[in-house]
1. Give just the number: which of (1) at pLDDT 85 or above; (2) hydroxyl-bearing (Ser, Thr, Tyr); (3) out of contact with any Asp or Glu (no Cβ under 7 Å at 6 or more places or on another chain) does Thr187 not satisfy?
2. Please state which one of Ser160, Ser145 is of a type outside the set (Asp, Glu), at pLDDT 90 or above and in contact with a helix residue (DSSP H, G or I) (Cβ under 9 Å, 6 or more places away or on another chain).
3. Looking only at residues in the stretch 97-150 that are farther than 14 Å from Tyr170 by Cα and polar (S, T, N, Q), which one is farthest from the chain's Cα centre (by Cα)?
4. Filter the stretch 135-148 down to the residues that are within 25 Å of Asp85 (Cα to Cα) and of a type outside the set (Ser, Thr, Tyr), then identify the one that is surrounded by the most Cβ atoms within 10 Å (Cβ to Cβ).
5. Can you name every residue in the stretch 200-244 that is buried (at least 18 other Cβ atoms within 10 Å of the Cβ), of a type outside the set (A, V, I, L, M) and modelled with pLDDT of 85 or more?
6. Looking at the stretch 171-188, is at least one residue over 27 Å from Arg237 (Cα atoms) and touching a residue at least 60 places away in the same chain (Cβ under 8 Å)?
7. Do we have any residue at all in the stretch 80-96 that's of a type in the set (Gly, Ala, Ser), more than 16 Å from the chain's Cα centre (by Cα), in a helix (DSSP H, G or I) and surrounded by fewer than 21 Cβ atoms within 10 Å (Cβ to Cβ)?
8. What residue, among those in the stretch 1-60 that are part of a loop (DSSP other than H, G, I, E, B) and among the β-branched types (Val, Ile, Thr), is modelled with the lowest pLDDT?
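The values are calculated or read from the model by the stated rules, or taken from the named source; none is laboratory data. None of the values given here were measured: they were computed from a predicted structure. Cβ coordinates were reconstructed from backbone atoms using ideal geometry, including for glycine residues, and neighbour counts include every protein chain displayed.
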Amino acid sequence: MLYAFATSQPIFMTELLSNPAFYMAAIPAVLLVGLSKGGFGGAMALLGVPLMTLAVPPVQAAAILLPILIVMDMVSLWAWRGFYDRRTLAILLPGAVIGIAIGWATATVVTEGHVRILVGLVALAFFLRWLFEKLGGRERTARHSVPRGLFWGSTAGFTSFVAHAGGPPYQVYALPLRQDPKIYTGTSVVFFAVVNLVKLVPYFALGQFDRTNLMASAMLVPVAMLATLLGVWGVKRMRPELFYPFMYVMVLIVSLKLIHDGASDLMGW
């Protein structure tokens, strides 16, 4: 739960930055998150914090990653400049801000485990519906809907704040629109860049941006930038008939990972 930020004990700078085990865990984690930020979907990003927890506590891992995510967002915004859908953002972003506010207000009463399981089940149902439509030759292209967009935008903001799992709710709304892959990816980049910037306020309030964590983040920035650009390079060369099946498979992997992580949290595995 997020209120644990206030009481977690970070590792001191000299111990952290001179520890080879930290880099052995952090560099692969940042590479995976960067590829995801470049456009390859959220499945790889979900592995970032768990990998880093091999070397640092979970709360500290999340705090180290957030500034890196902001840098990745900046690189992605530059790489995908000009590729976005204004209507998608206009519908989803107001809801996202509301969802973040709700997550902050309820941080002491909502558990990550319950949120992860719920989001995982929603994402799994979304994938299965797509699979049945695909196999039955009835795959449809959705239209924009303000009520649906506000709901899924709020859900994405809430789950991003509480459990770092905003991707599946966003995809539930955006993937059925079947936009050009570049437009879909560029729009999602703008959406989550705004979400991460808004999340900075409560993270600062919870006192996690100390010198140790910021120095660790700075050491990993070059890896983050390279991985993000590699992700952009790959997605820009994918055809739509490959991109969308790939993204739906990513949704499936994310759903199973969230359900597993949520069950582990609740059962104490």
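1. (3)
2. Details: Ser160 fails: at pLDDT 90 or above.
Exactly one residue qualifies, and that residue is Ser145.
3. Filtering the stretch 97-150 for residues that are farther than 14 Å from Tyr170 by Cα and polar (S, T, N, Q), the one farthest from the chain's Cα centre (by Cα) comes out as Thr141.
4. In this case the residue turns out to be Arg148.
5. Ser217, Thr228
6. Kept after step one, since they are over 27 Å from Arg237 (Cα atoms), are these residues of the stretch 171-188: none.
The answer is no, given that none of the residues of the stretch 171-188 is over 27 Å from Arg237 (Cα atoms) and touching a residue at least 60 places away in the same chain (Cβ under 8 Å).
7. Filtering the stretch 80-96 for residues of a type in the set (Gly, Ala, Ser) gives 82, 90, 95-96.
Pick out the ones that are also more than 16 Å from the chain's Cα centre (by Cα) and you get 82, 90, 95.
Pick out the ones that are also in a helix (DSSP H, G or I) and you get 90, 95.
Next, from what is left, pick out any that are surrounded by fewer than 21 Cβ atoms within 10 Å (Cβ to Cβ): 90.
Checked against the condition, which is being of a type in the set (Gly, Ala, Ser), more than 16 Å from the chain's Cα centre (by Cα), in a helix (DSSP H, G or I) and surrounded by fewer than 21 Cβ atoms within 10 Å (Cβ to Cβ), the stretch 80-96 yields at least one hit.
8. Going residue by residue through the stretch 1-60, those that are part of a loop (DSSP other than H, G, I, E, B) are 1, 7-12, 18-19, 41-44, 53-57.
Next, only the ones that are among the β-branched types (Val, Ile, Thr) stay: 7, 11, 53, 56.
Values: Thr7: 41, Ile11: 49, Thr53: 69, Val56: 74.
Residue satisfying both the conditions and the ranking: Thr7.
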